[in-house]
Amino acid sequence: MGLSSILKAAVAICLTVFLTACATNQGSGNSGYGSDTNLEAEEANNEVTVTIKNFVFEPALIKVSAGDTLVFVNEDTAPHTATDVGGVFDTGNIASGESGRITIADAGTYEYFCEIHPNMKGRIVVVE
Ligand SMILES: [Cu+2]
């Protein structure tokens, strides 16, 4: 009798925590995709940051693994892009203080530049 009551109470608490976690998850929704499948995929791969500051990609040369997410963080006041010369990826305009994300699926060497300031250049080496 006593044990049964404790079990019921424990189940009730677990259920409450579970439902609260779900509600919080849906509330944030900042990825815009929000499915569990996507969240798992993000956790499985690394996130590598390239900072854009004083009109320079830092580091300008970076080595990542296929499937990694590259996050371009714009610390300038001007907007920038990270645009692949070969058209494989393009962050589009990244406003001041914002960031842009890309993922490259295939190994290779990728030269990129800023469409707004074409003298800004970088290189990404993607390995398997
Ligand atoms: Cu730029």
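Remarks
- Nonlocal amide H pairs with GLU98, under 5 Å, H built at 1.01 Å: ASN74
- Per residue, in Å², the accessible surface of region 45-127 once ligands and nucleic acids are set aside, probe 1.4 Å: 51 Å²
- Contour minus Cα-Cα distance for VAL127 and LYS63 (0.36 nm per residue): 22.3 nm
- Cα→Cβ-extended label distance, 7 Å offset, between GLU47 and GLU98, nm: 1.8 nm
- Long-range tail of P(r) for region 65-120 (Cα pairs > 14 Å, %): 52 percent
The values are calculated or read from the model by the stated rules, or taken from the named source; none is laboratory data. Since we're looking at a predicted model, the values are computed, not measured. Methodologically, a virtual Cβ is constructed for each residue, glycine included, from the backbone with ideal geometry; neighbour enumeration extends over all protein chains shown. Areas reflect the complete protein model, heavy atoms only, side chains present, ligands, DNA and RNA absent. Shrake-Rupley method; radii C 1.70, N 1.55, O 1.52, S 1.80 Å.
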